[in-house]
Amino acid sequence: MSFPLPTADAAAMGFRTEQLERLVALIDKHIADGHYPGCQIALARSGKLALARSFGSATTQPERRRATDDTLWLLYSNTKVIVAATMWALAERGAIRFVDRVADHIPEFKKNGKGAITLLQLLTHQAGFPNAVVPKEAWDDHARLRQVVCDFSLEWTPGSKVHYHGLSAHWVAGVVIEAVTGKDFRDVVRETLIEPLGLGNDLFMGVGPAQVARVSDMHYPPPLGGAPQNDPDNNSAEWRRAGIPGGGAYGTARGMAALYQMMLADGVLNNHRLVSPRTLQYAIRNWTGDRVDEFMGMPMHRGIGPHLRGTTETIRGLGSIASPRAFGHGGVGTSYCWADPDSGVSFAYITNNRVPDPWHSWRLDHIANLVHTAIL
């Protein structure tokens, strides 16, 4: 499968090459200083790929394997945008409306006071059960998965707070997709979004043995310092296979940059229209205003999938100097992918070490701002 974006020269595409050189040098320094073993970036504009680069090591144990442009990276919560975009397409087909209640499609979800929760509340992190857990025994048992999410209990009144739902809300979204299509949600994402957009070699809702040689291991920093260590949970075969809808997709940086190019091109990529411009305007909208996301500690301007920069003093991941209309999403301690409608630029930055704050947020802002200042 050929990649849907042709390549082009960055300078000819209107980028300041000295700023891109600073970006590359900063990532090289991060790796030399031991902040993460490997990284991949991609930069696209107006339907063309201006830069794709891999750095460092995809794996460190039992031996180092260099990262290449075909390496697949754990996307963590960037996955939420992939799932949301699939639901945009299902909404256009009339399978769902975002004003629907979850219980309209999964009647037993109304248990424990959840009957009034809408899909809009679910996907903008207002559903009221941010800490609910799906045990790994339910990851591949989808009848049990449906039962587990229906048994979720509320922690606060839906709609009364904005509080990031790390994995819980999108497990529910996966069950909704299955309820309205009659198919495994992973197959729906692949058939509805990934393959038609020409990204079948670059985005995966779960990876199996056929792709294992391409996968980068996830790492975490030891609490007392030292070299990043392999994360046994997020490198297990069962985690990789599950395609957890809130944080378990795998992909390349160029694949994520291309996905955001679809959004900048009014819903079209690979000569395939996923959704209409009006649907994008509805989905990529600030549905939570300047309300503080109580998990993030700042306003996040939540859309249905991506969040927006807005005009608050700070924002996570998109770059403090970004256009107020810029939008995107990140992955815990590792990555951010975003798009800027004012310039037609999309960018993806993915690493393989789950680094905590404050350094994580600092580096995301530094990385994004170097890209923004490269745009002419």
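Within the range 361-374, residues that are under 17 Å from Asp340 (Cα atoms) reach partners that are open to solvent by 30 Å² or more (accessible area, probe 1.4 Å) and assigned to a helix (DSSP H, G or I) with beta carbons closer than 8 Å, at six or more positions or on different chains, in the pairs Leu370/Arg22; Ala374/Thr17.
Cβ-Cβ contacts under 6 Å between residues 6 or more apart (or on different chains), taken from a first residue in the range 293-311 that is within 10 Å of Ala283 (Cα to Cα) and outside any loop (DSSP other than H, G, I, E, B) to a second residue that is of a type outside the set (D, E, K, R) and open to solvent by 10 Å² or more (accessible area, probe 1.4 Å), are listed as Arg302/Trp287.
Sub-6 Å Cβ pairs linking a first residue in the range 154-167 that is under 9 Å from Ala127 (Cα atoms) to a second residue that is charged (D, E, K, R), at least 6 apart or interchain, are Lys161/Glu294; Val162/Arg291; Val162/Asp293; His163/Glu294, ordered by first then second residue. Looking across the range 197-232, the residues that are in a loop (DSSP other than H, G, I, E, B) and either open to solvent by 40 Å² or more (accessible area, probe 1.4 Å) or hydroxyl-bearing (Ser, Thr, Tyr) (or both) come down to Asn201, Ser216, Pro221, Pro223, Leu224, Gly225, Gly226, Ala227, Pro232.
Whether any residue in the range 58-78 is among the β-branched types (Val, Ile, Thr) and touching a helix residue (DSSP H, G or I) at 6+ places or on another chain (Cβ under 9 Å) is what I want to check. Scanning the range 58-78 turns up at least one residue that is among the β-branched types (Val, Ile, Thr) and touching a helix residue (DSSP H, G or I) at 6+ places or on another chain (Cβ under 9 Å).
Applying the condition of being among the acidic types (Asp, Glu), in contact with a helix residue (DSSP H, G or I) (Cβ under 9 Å, 6 or more places away or on another chain) and assigned to a loop (DSSP other than H, G, I, E, B) to the range 148-192 and asking which residue is most open to solvent (accessible area, probe 1.4 Å) yields Asp151.
Consider the range 318-351 and keep the residues that are assigned to a loop (DSSP other than H, G, I, E, B) and within 17 Å of the chain's Cα centre (by Cα). The one that is surrounded by the most Cβ atoms within 10 Å (Cβ to Cβ) is Leu318.
Just a yes or no: is a residue in the range 39-60 open to solvent by 20 Å² or more (accessible area, probe 1.4 Å), more than 21 Å from Asn201 (Cβ to Cβ) and over 22 Å from the mean Cα position of the chain (by Cα)?
Step one: filter the range 39-60 for residues open to solvent by 20 Å² or more (accessible area, probe 1.4 Å), giving 45-48, 51-54, 60.
Imposing the further condition that a residue be more than 21 Å from Asn201 (Cβ to Cβ) reduces the set to 45-46, 60.
Retained after the next criterion (residues that are over 22 Å from the mean Cα position of the chain (by Cα)): 60.
Yes, the range 39-60 has at least one match.
So which of His272, His301, His372, His307 ends up being modelled with pLDDT of 95 or more and surrounded by fewer than 16 Cβ atoms within 10 Å (Cβ to Cβ)? None of the other options fit; the residue is His272.
Taken together, Trp73, Trp139, Trp88 contain a single residue that is buried (at least 24 other Cβ atoms within 10 Å of the Cβ) and within 19 Å of Thr181 (Cα to Cα), which is Trp88. In the condition set (1) in a helix (DSSP H, G or I); (2) in contact (Cβ under 8 Å) with a residue 24 or more places away in the chain; (3) of a type outside the set (Lys, Arg); (4) farther than 23 Å from Gly328 by Cα, Ala25 is compliant with all but (2).
Considering the range 33-73 alone, what residues qualify as being of a type in the set (A, V, I, L, M) and in contact with a Ser or Thr (Cβ under 7 Å, 6 or more places away or on another chain)? Once the filter is applied, which keeps residues that are of a type in the set (A, V, I, L, M) and in contact with a Ser or Thr (Cβ under 7 Å, 6 or more places away or on another chain), the range 33-73 yields Ala44, Leu49, Ala58, Ala67, Leu72.
Of everything listed in (1) touching a residue at least 60 places away in the same chain (Cβ under 8 Å); (2) surrounded by fewer than 17 Cβ atoms within 10 Å (Cβ to Cβ), the single unmet condition for Asp290 is (1).
Taking residues in the range 250-278 that are without any contact (Cβ under 8 Å) to a residue 40 or more places away in the chain, and partners anywhere that are open to solvent by 40 Å² or more (accessible area, probe 1.4 Å) and part of a loop (DSSP other than H, G, I, E, B), the pairs with Cβ atoms closer than 9 Å and at least 6 places apart or on different chains are Arg273/Asp266; Pro277/Asp266. When Leu145 is tested against (1) open to solvent by less than 10 Å² (accessible area, probe 1.4 Å); (2) closer than 30 Å to Gly289 by Cβ; (3) not β-branched (Val, Ile, Thr), just one condition goes unmet, and that condition is (2). Filter the range 352-368 down to the residues that are open to solvent by 30 Å² or more (accessible area, probe 1.4 Å) and not aromatic (Phe, Trp, Tyr), then identify the one that is nearest to Arg16 (Cα to Cα). Result: His366.
The values are calculated or read from the model by the stated rules, or taken from the named source; none is laboratory data. The model shown is predicted, which means the values in this text are computed figures rather than measured ones. In this analysis, Cβ positions are derived from the backbone assuming ideal geometry, glycine residues included, and neighbour counts consider all displayed protein chains. What goes into the accessible areas is simple: the full protein's heavy atoms, side chains included, and nothing from ligands, DNA or RNA. Shrake-Rupley method; radii C 1.70, N 1.55, O 1.52, S 1.80 Å.
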